[in-house]
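Any read-out appearing in this document is the output of simple, stated calculations on the displayed coordinates, not a laboratory observation. Here the structure is a predicted model, which means the values were calculated and not measured. Here the Cβ positions follow ideal geometry from the backbone for every residue, glycine too, while neighbour counts run over all protein chains shown.
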Ligand SMILES: [Fe+2]
């Protein structure tokens, strides 16, 4: 099938995130007009799914490059020939490592990835789903009081789960020091601004976020624990059940994910390619932070979200838009 923008259908799958892209064959070239429809859906729905795509690794890499320059993960098992390709191949002899924790990929970097793409190759008969959460919706779901409180805050991120990969011998310690020099802790805004949609995103995650700047350890831990709860709220989630040759691409700037570890010791094999990102922008500028210090809210009152409940706001907005048109 030759790809054409007019054949592309975007089918919303989740209330807050997730859409299936139909009418695209990823074994064939994807032209600019077709890709524009795909990339717009990727930003709007935060996660896109393509079914029945029997692509090779090379085709996966070619498609990923349309989203931007690829990046190499410093700690994951990469392909020798193609370092951009990460192969997750887990079974009874190789249990999965540290992905059953809510996170955005690689936020220990100064410029975390823009997007991550997975291609399902071997899927367990039971289990092995991936959970996703919309962190734009997670932010919207906070009370106005909490939104005000976290305005202007910054958080320190660290590659902490990967420290477990290093042993106690001299060589391992030297290797760890190399990675600490290469990837020192970084600071990101707690509320980031999506570079395309401009929406606020709750940008802290339990895998890599370790400390709120300017707060005591107890205050920081308590606040982070509260904020980490947001991705666990089912209303903000989409649960993806894998099939062979499904391709999923998520916007790493606006989502978090959690690989459900319920399939061991069955085999699960997925190929991952990651697309480079940029510095994380703050949603608030210096004037907003000043306003907060003066007890003035920079946030307009939103009549739809009065109590910080799990209001499916984006769904409501979409319904209202549709009703108007
Ligand atoms: Fe991940």
Label-point separation in nm, residue 33 to residue 122, each point 7 Å along Cα→Cβ: 4.2
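Would you please put 189-195, 203-209, 171-177 in order of how densely packed they are, using the mean number of other Cβ atoms within 10 angstrom per residue and starting with the highest? It would help to have the intermediate numbers written out before the result.
Values: 189-195: 21.3, 203-209: 24.9, 171-177: 12.0.
Ranked by mean Cβ neighbours within 10 Å, highest first: 203-209, 189-195, 171-177.
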Fluctuation leader among 230, 59, 256 - the chain, Gaussian network, Cα springs under 10 angstrom: 59
Residue of 80, 91, 251 that the Gaussian network model of the chain assigns the largest fluctuation, springs spanning Cα pairs under 10 Å: 80
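In terms of the ratio Rg/(2.2 N^0.38 Å) built on C-alpha atoms, what value belongs to the stretch 1-121?
The value comes to 1.14.
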Relative contact order (%) - criterion: Cα under 8 Å, at least six apart; region: the chain: 31
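Taking a ≥ b ≥ c as the square roots of the eigenvalues of the Cα gyration tensor of the stretch 5-324, is the shape rounded (a/c under 1.5), prolate (a/b larger than b/c) or oblate? Write down the numbers at each step before the final one.
On the way: a/c = 1.74, a/b = 1.13, b/c = 1.53.
Oblate shape, in that a/c is at least 1.5 and b/c is the bigger or equal ratio.
What FRET efficiency do you get for residue 278 and residue 213 if R0 is 22 Å and r is their Cβ-Cβ distance, rounded to the nearest 0.05?
Details: r = 21 Å, r/R0 = 0.95.
Given R0 = 22 Å and the Cβ-Cβ separation, E is 0.55.
Residue 182 to residue 22: FRET efficiency via 1/(1 + (r/R0)^6), r the Cβ-Cβ distance, R0 41 Å, to the nearest 0.05? Working shown, then result.
On the way: r = 42 Å, r/R0 = 1.02.
About 0.45, to the nearest 0.05.
Show that you can apply the helix-only estimate: for the chain, add -39,500 (n - 2.57) for every DSSP H stretch of four or more residues, divide by all residues, and state [θ] at 222 nm to the nearest 500.
Values: 8 runs with 81 residues, N = 325.
That calculation yields -7500 deg cm²/dmol at 222 nm.
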Choice from 16, 241, 45 with maximal GNM fluctuation in the chain (Cα, 10 Å cutoff): 241
Projected label distance in nm at residue 245 and residue 222, using a 7 Å step from Cα toward the beta-carbon: 5.5
Percent breakdown of C-alpha pair distances by 5 Å bin, ordered from the shortest bin, for the stretch 62-121: 3, 13, 23, 29, 20, 9, 2, 0
Residue-span extension gain [residue 79 to residue 174] - 0.36 nm each, minus C-alpha spacing: 31.8 nm
Label-to-label distance, nm, for residues given as residue 89 and residue 4 (7 Å Cα→Cβ offset): 4.0
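Pull out a ≥ b ≥ c, the square roots of the eigenvalues of the alpha-carbon gyration tensor of the stretch 114-204, then state rounded if a/c is under 1.5, prolate if not and a/b is larger than b/c, and oblate in the remaining case. Don't skip to the answer; put the middle values down first.
Details: a/c = 2.51, a/b = 1.29, b/c = 1.95.
Oblate, because a/c is 1.5 or more while a/b does not exceed b/c.
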